[in-house]
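Remarks on the structure that follows.
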Amino acid sequence: MFVIASRRRLAPVFFAAALISGHASAQETDASEAAAAEADPIVAGIDYSGTGLLLDEIHSGALHSDHPMMSDGTHADCFQFEATEGQSYSFTLRSSDFDSYLLIGVGYCQDVLLQHENDDFEDDTTDSQIVLTATYPFYSVYVNTFEPAATGDYTLHVEQVDSAAAEAAE
């Protein structure tokens with residue numbers, strides 16, 4: 001298993017598998033991953049919204065306690081975004097109900113390589129934002145909370161930005 005170091009937690013390539021098993025470890029072997037996959041299929045038991053995010057539309061949603069739980073006790077939902085390689089995008093997650101935490105990775109929700117994360121991009125809010133230049137055509141966007149067991153309403157907005165703004169943010 002490959003992992004990406006995160007300031008908050010280890011983010012495994014097989015993110016959904018960590019949700020199912022309740023932990024992620026850099027020392028796991030391929031054999032133990034295969035056994036875990038047979039015991040707990042990645043798709044079974046994971047109930048992400050999985051809907052596509054549309055450019056320039058604000059998605060209003062709610063994070064509930066029945067959404068998948070991560071190993072740190074937070075709930076997460078996942079959406080798909082189809083990007084144009086070379087274009088720059090801003091993803092903004094806002095909530096007055098919880099301290100938002102935004103994660104973006106390459107691949108499908110159940111099998112993703114996390115590449116970006118953000119918590120509190122503005123000084124006076126608990127909202128999250130990621131600005132990136134697409135290097136892949138397909139991304140998974142995770143709505144998450146910073147505090148364990150937090151739930152509530154949120155909005156998620158994706159907009160295209162100029163490349164200079166993306167370079168400044170990255």
Taking the highest mean first, how do the peptides 121-127, 74-80 order by number of other beta carbon atoms within 10 angstrom per residue?
74-80, 121-127
Anisotropy class of region 42-152 from Cα gyration tensor, a/c 1.5 cut
oblate
What does the C-alpha gyration tensor say about the overall shape of region 75-114? Classify as rounded when a/c is under 1.5, otherwise prolate if a/b is larger than b/c, or oblate.
oblate
Distant alpha-carbon pairs in region 99-170 (separation over 16 angstrom), percent
54
Please give the per residue accessible area of region 60-168, computed with a probe of 1.4 Å over protein heavy atoms only, in Å².
42
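The values are calculated or read from the model by the stated rules, or taken from the named source; none is laboratory data. As the structure is a prediction and not an experimental result, all values here were calculated from the model. So basically every Cβ, Gly included, is an ideal-geometry build from the backbone, and we count neighbours across all protein chains shown. These accessible areas exclude ligands, DNA and RNA; they are computed on the full protein's heavy atoms, side chains included. Shrake-Rupley method; radii C 1.70, N 1.55, O 1.52, S 1.80 Å.
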